[in-house]
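The values are calculated or read from the model by the stated rules, or taken from the named source; none is laboratory data. Values in this document were obtained by computation on a predicted structure and should not be read as measured data. Accessible surface areas use protein heavy atoms only, side chains included; no ligands, DNA or RNA. Shrake-Rupley method; radii C 1.70, N 1.55, O 1.52, S 1.80 Å.
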Amino acid sequence: RANVDAALAWSARNDPALGLRIANGFGWTWVVLGDGVAGAGRMRAALDACAPVAVGDHDRVTALLLAGWLEASAGDVGQAQQDLDAARSAVDRTGDEGLLADCDRYLAFLRIQQGRPMDVVAHSADAVAWYRRSGLDWETAAALLLGAFGSIMLGDTASATRDAEEAVTLLRPLDDSWGLVHAKAMLGAVADAEHRFDDATGFLERAVARSEALGFLGQEALH
């Protein structure tokens, strides 16, 4: 982290566009590590440093999306909403369908934090539709898991089970340990909602143990 912070500080003074690319490159790492507050601060600083200089739409939108996710995970839903709104406006100007699907996926996560399950399901479904057509298995699985969370919030455990099981099927060949832990923990959340408490305990205890072994402390605490 100290090396990354040093690179970002140098870039802010000398090459803000480079700093934004560095921050974008590490952004999802900060998500996985549960580094919400610090990660959001780094993304925000990189974006602010770029304000007076020209950067590509893709780089700026990517940064806004990552900042929004990290801010939402850290509880700053107001700033997250502003950043995701800005990202969506920029994407609407460019017409980039892939980034539009990403906007829906990130908005689904924010809507979870805002307690808006119908919007969670709707944004997730829009993202899944494009990712499926594009053959993007990881992104499809990620959007499915967000949709499953929204379905649980609505009491629709059948839809949540269907989406979580498909996510496991998509993630297993990719060997994405972080995603698989979340997917299997989602099945635990379904079991909990259906009062199958022994099943829920099994799923969640395994998710905790796997998260601890992988060093995903935020994920361990969540499950």
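Per residue, the solvent-accessible area of the chain (1.4 Å probe, heavy atoms of protein chains only, all protein chains present) comes to 47 Å².
Any idea what the relative contact order of the chain is, in percent, if you count C-alpha pairs under 8 Å spaced at least 6 apart? Each step should come with its number before you reach the end.
Working: 317 pairs, mean separation 28.5, N = 223.
Relative contact order comes out at 13 percent.
Overall size of the stretch 130-223 from C-alpha positions, given as principal axis extents largest first: 37, 32, 19 Å. Using equal-weight Cα scatterers in the Debye expression, the normalised intensity of the stretch 96-177 in log10 at q = 0.18, 0.19, 0.23 Å⁻¹ is -0.66, -0.73, -1.02. Using a probe radius of 1.4 angstrom, the carbon and sulfur fraction of the accessible surface of the stretch 1-105 is 54%.
Compactness check for the stretch 1-57: Cα Rg over 2.2 N^0.38 Å is 1.04.
With the Kirkwood sum run over all distinct C-alpha pairs, the chain has a hydrodynamic radius of 17.9 Å. Evaluating kT/(6 pi eta Rh) at 20 °C and 1.002 mPa s, with the Kirkwood radius of the stretch 1-120 over Cα pairs in the Stokes-Einstein relation, gives 151 µm² s⁻¹. Going by alpha carbons, how many degrees (0 to 90, nearest 10) lie between the helix axis of 36-50 and the longest principal axis of the chain? Around 30 degrees separate the two axes.
Spatial offset of the stretch 149-223 relative to the stretch 27-78 amounts to 26 Å, using the alpha carbon center of each.
Pairwise Cα distances in the stretch 55-127 exceed 13 Å for 59 percent of all pairs.
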